[in-house]
Amino acid sequence: MSVSVLSITRLLGGVSGLLQVASLLGLALLLLKAAQLYLHRQRLLKAVQEFPSPPSHWLFGHKQELQKGQEIQELQKRAEKYPRASPRWLWGSKVSLVVYDPDYMKVILGRSDPKSEGSYRFMAPWIGYGLLLLNGQTWFQHRRMLTPAFHYDILKPYVGLMADSVQVMLVSSNPAHLHTHTHSTIHRVHSQTAVSTPGQKRVLLSPLTNNVFWSAKRNIFYQKDIIYRLTPEGRLNHRACQLAHQHTDRVIKMRKAQLQEEGELEKVRSKRHLDFLDILLFAQRENGNSFSDKDLRAEVDTFMFEGHDTTASGISWILYALATHPEHQQRCREEVQSLLGDGASITWDHLDQMPYTTMCIKEALRLYPPVPGVGRELSKPITFPDGRSLPKGFLVLLSFYALHHNPKVWPNPEVFDPSRFAPDSSRHSHAFLPFSGGSR
């Protein structure tokens, strides 16, 4: 009996010792991690010491700017109070420089820094690595292969298709929200110009992708994929991605079979207008292994989802701007009516004959840019025109919204004033960037 008790005592003593050792190791690792985070934060503080910013919490940073729908207002305050650029802390050890100055924009966009992985990685499962997410030499290779898709001879027939789609929207009796109408119209245009799918309904998931993207990006617990995939939102995201990719694969397979029957490029062009998918498939024929099926699907998904959403958003805001400024809307209406007369449809040749309408479109895009910002990770140190600098590896956020609402760049920035874009007006080359600039 005494031997058994002694054995148990020794065993418990051994377990207790192991627990003590484990506790000490855990504490040591915790202290090491805390020291690493502290040193990392000190390096970041040193890197941004030349750039003033609003007060931030040591742990939560400027997280309050992203809450309660105040992000836009906070960006405007930054542009007014802190010249050219200011740091924004997301948690205590993560910071990016928010840029809203045209000189700074020109320097950054004139380089070939890669897109910020943190800003774009939540989009990758949806659209793959097409032009929007690619960097470096691969981006240039894809861009060169896709250049024929943007030739005037390819684009000109699209104007008539777009005009027909707008007519369908105008005669609609559906009392839906304006943005719903524009989304449906752009969907109709895409189904004829980007990825023609006669007789099929295209998967329309743009609103869902937006909600999922921003929800995941702003939640600290979703930053690790292994955790995110276990959440209801993560599972919804995965299922929606599957549906979208299945649809894209089905469309590509059908088009490949169709082109196999129709023959070479010139034969196809003589029968019908070419769409974006046609150009991609012919590019794949010519480039073989350098443009895989995975690359093909990524480019199709990029144009189907991202091209659709930015276009629909831009048009919705343009119509909103005109509706809230009826005097400018009337001038646009008179200009178009004088050009087209009664019942005529718009053509390619009309596009450069509407100067006032063009001015109003640009002013609306200034106030409401469809691409509010992009991220870059510096591949080498950078020095800005005013002498301030940042080290390699630093994250910069180019805020086109803040740029367009910067009173030092655009006087009275909240006023809708199309004369800013009059033919004889002058401005900085990087003061107006509704769709970014450089490699994108």
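The values are calculated or read from the model by the stated rules, or taken from the named source; none is laboratory data. Computed from a prediction, not measured in an experiment: that's the story for all the values here. With ideal geometry, Cβ positions are generated from the backbone for all residues, glycine too; neighbour counts draw on all protein chains shown.
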I72 in contact with a helix residue (DSSP H, G or I) (Cβ under 9 Å, 6 or more places away or on another chain) and part of a helix (DSSP H, G or I): yes
Among the residues of the range 108-121, how many are touching a strand residue (DSSP E or B) at 6+ places or on another chain (Cβ under 7 Å) and closer than 14 Å to G437 by Cβ? 3
Sort out which residues of the range 118-154 are within 16 Å of the chain's Cα centre (by Cα), at negative phi and not in a helix (DSSP H, G or I), and write them in order of number. R121, F122, M123, Y129, G130, L131, L132, L133, L134, N135
Would you say R427 is in contact with a Phe, Trp or Tyr (Cβ under 9 Å, 6 or more places away or on another chain), surrounded by 12 or more Cβ atoms within 10 Å (Cβ to Cβ), under 29 Å from P326 (Cα atoms) and free of Cβ contacts under 8 Å to residues at least 24 places away in the same chain? yes
How many residues of the range 341-374 are within 30 Å of V99 (Cα to Cα), of a type in the set (V, I, T) and not in a helix (DSSP H, G or I)? The answer is 2
Specify which of the listed residues (T209, T197) is over 30 Å from K63 (Cβ atoms), surrounded by 15 or more Cβ atoms within 10 Å (Cβ to Cβ) and at pLDDT below 70. T197
What do you reckon, is V99 over 17 Å from L403 (Cα atoms), crowded, with 20+ Cβ neighbours inside 10 Å and of a type in the set (V, I, T)? no
Just the residues that are aliphatic (A, V, I, L, M) and modelled with pLDDT of 65 or more, please, taken from the range 215-240. I226, I227, L230, L236, A240
Those residues that are in a loop (DSSP other than H, G, I, E, B), modelled with pLDDT of 95 or more, of a type outside the set (D, E, K, R) and farther than 16 Å from L75 by Cβ, I need them from the range 395-427; list them, please. P411, N412, V415, F416, A422
Here are some conditions: (1) under 17 Å from the mean Cα position of the chain (by Cα); (2) aliphatic (A, V, I, L, M); (3) surrounded by fewer than 16 Cβ atoms within 10 Å (Cβ to Cβ). A402 meets all but one. Which one does it not meet? (3)
Looking at R88, is it in contact (Cβ under 8 Å) with a residue 24 or more places away in the chain and farther than 26 Å from V107 by Cβ? no
Looking at L243, is it under 29 Å from D293 (Cβ atoms), in the same structural domain as A194 (by TED's automatic domain parsing), at pLDDT below 60 and not polar (S, T, N, Q)? no
The range 1-59 - residue that is at pLDDT below 80 and of a type in the set (V, I, T) and, of those, surrounded by the fewest Cβ atoms within 10 Å (Cβ to Cβ): V3
Residue count, the range 134-174, condition free of Cβ contacts under 8 Å to residues at least 12 places away in the same chain and touching a Phe, Trp or Tyr at 6+ places or on another chain (Cβ under 6 Å), comes to 0
Pairs only if they're at least six apart or on different chains, beta carbon under 7 angstrom, first in the range 32-59 and of a type in the set (D, E, K, R), second at pLDDT 90 or above; list them, first residue then second. E50/R388
Answer with yes or no whether Q64 is at pLDDT below 85, more than 15 Å from S96 (Cα to Cα) and either in contact with a helix residue (DSSP H, G or I) (Cβ under 7 Å, 6 or more places away or on another chain) or in the same structural domain as V99 (by TED's automatic domain parsing) (or both). yes
